[in-house]
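Down below is the structure, laid out as structure tokens.
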Amino acid sequence: MNSLQTTETTEPAPAKLLYQSHDGNALALPQWAQTFLLLGETIVRWDDDRTRIIAGIALPTRAYASLMIGTGIVLEREKIKIIDTAANFQTVTKLPVGTALLYNVNGKSLHAAFDGTQVVHGELRLRVRVQKRSAGGGTYLLDAKQALALQVLVGIDGESALSNRVHRTKNSQQLFLKNLLPHTEPDEFLLYSRLDCLIIGTIVTLRNEMALRLASNGWHGMQLGTFQDILKIQRFSSPGHTYRSEVMAVGSEALPDNVTPYASLFDGALSFLKWRETWRQTHWIVVLDRTEPHFAEAVSILNQEYISDRIDAEQSIVPRLPDGMDVLLFKERQ
């Protein structure tokens, strides 16, 4: 059976992400899981904006690989502080009317509430009310750029936000993220939408794997969390909530709404064979289980890409792979 060609490797660095065992203990990720996490980080670090990266990884079993690689991509991309203005605006338009907000303008944080949308001179605007409706209801009409100054206040209704009695505290989810991103304010991570990673695979399987309880350890002690706290998969979130990732079924006929992902993560040979051309403008990460029926065909296509379109660039250093795993990692011109 064909196997993927391999690249130079090195030992993985210790990770701050842990998982919770059935007896409630927080345990270090096994080496294979750290490898997936660091592979996602490596892809972001190796990106030079002029080429696209293709990674193929052959495994004895694909379990948790896609979620871990996606987690590495999202966490590493967060350090760059990229804001997708259009994606953020689209998210805010889907908020329920009355959602509590902070509107940061002219150096002040105004307590506000979302009041729907309005078309102004042919352009969709957000209606943001900064005073109780009973007291006059002062309203701002914001475009996509101005919408970056909005922040959703989770767990607070609109009228409470407008009463100026909001007391904000860091909850467990924020501290879980703060351990993983010590130089990023959790509010920033929770505020903006951006599609860092699209995972194409079997939805039921991915949802079941997301049930694994995680933990982070850092300046804020041991904090519990989930894959969803990091990946913020749009499909598994409430309408209007910010996102960083999305999942798509192999047999899907509909594509994500008007957004191109930074990276497409094909969870299985069939997803790669069916959808690779649709997402050719993105970085590719292909997770292959050696036991699946279309494994050899997918490997053949990846090796052909490597032979025909590879750029002879400085080679990336990827984590050392446990026995039974092979990785192919290279660049192509955009």
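Odds and ends about this structure:
For (1) more than 18 Å from THR282 (Cβ to Cβ); (2) surrounded by fewer than 21 Cβ atoms within 10 Å (Cβ to Cβ), each residue gets a yes or a no:
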{"position": "ALA26", "(1), (2)": "yes, yes"}
{"position": "PRO30", "(1), (2)": "yes, yes"}
{"position": "LEU39", "(1), (2)": "no, no"}
{"position": "VAL44", "(1), (2)": "no, no"}
{"position": "ASP47", "(1), (2)": "no, yes"}
{"position": "ARG50", "(1), (2)": "no, yes"}
{"position": "ARG62", "(1), (2)": "yes, no"}
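- Residues located in the stretch 264-281, provided they are surrounded by fewer than 19 Cβ atoms within 10 Å (Cβ to Cβ) and of a type in the set (A, V, I, L, M): LEU273
- Test for ILE233: is it closer than 24 Å to LEU17 by Cβ and without any contact (Cβ under 8 Å) to a residue 40 or more places away in the chain: yes
- Among the residues here, GLY72 does not qualify as modelled with pLDDT of 85 or more, within 30 Å of ASN303 (Cα to Cα) and in a strand (DSSP E or B).
- Taking the stretch 146-206 as the region of interest, the helices (runs of 4 or more DSSP H) fully inside it that hold 2 or more residues being at pLDDT 65 or above and farther than 25 Å from GLY107 by Cα are 172-180.
- Residue count for the stretch 282-291, restricted to those that are over 16 Å from PRO261 (Cβ atoms) and surrounded by 14 or more Cβ atoms within 10 Å (Cβ to Cβ): 3
- Of all residues in the stretch 111-135, those satisfying the criterion of being part of a strand (DSSP E or B) and aliphatic (A, V, I, L, M) are ALA112, ALA113, VAL119, VAL120, LEU124, LEU126, VAL128.
- Selection within the stretch 32-48 - under 21 Å from PRO60 (Cβ atoms) and not hydroxyl-bearing (Ser, Thr, Tyr): TRP32, ALA33, GLN34, PHE36, LEU37, LEU38, LEU39, GLY40
- Among the residues of the stretch 24-37, the ones that are touching a residue at least 40 places away in the same chain (Cβ under 8 Å) and under 21 Å from MET222 (Cα atoms) come to 3 in all.
- Test for ILE54: is it assigned to a strand (DSSP E or B), under 28 Å from TYR262 (Cα atoms) and touching a residue at least 40 places away in the same chain (Cβ under 8 Å): yes
- Residue match in the stretch 103-110 (condition: more than 21 Å from LEU198 (Cβ to Cβ), modelled with pLDDT under 90 and part of a helix (DSSP H, G or I)): no
- Any chance ASP49 is under 19 Å from the mean Cα position of the chain (by Cα), without any contact (Cβ under 8 Å) to a residue 40 or more places away in the chain and assigned to a loop (DSSP other than H, G, I, E, B): yes
- Elements of type strands (runs of 3 or more DSSP E) in the stretch 229-334, at least 2 residues being over 14 Å from ILE54 (Cβ atoms) and either modelled with pLDDT of 85 or more or touching a strand residue (DSSP E or B) at 6+ places or on another chain (Cβ under 7 Å) (or both): 245-249
- Residue within the stretch 131-141 that is closer than 29 Å to ILE73 by Cβ and either crowded, with 17+ Cβ neighbours inside 10 Å or modelled with pLDDT of 60 or more (or both) present: no
- Of the set (1) more than 27 Å from ILE311 (Cα to Cα); (2) of a type in the set (A, V, I, L, M, F, W, C); (3) out of contact with any Lys or Arg (no Cβ under 6 Å at 6 or more places or on another chain), all apply to PHE36 but (1).
The values are calculated or read from the model by the stated rules, or taken from the named source; none is laboratory data. What you see is a predicted model, and the numbers here were worked out from it, not measured in a lab. Methodologically, a virtual Cβ is constructed for each residue, glycine included, from the backbone with ideal geometry; neighbour enumeration extends over all protein chains shown.
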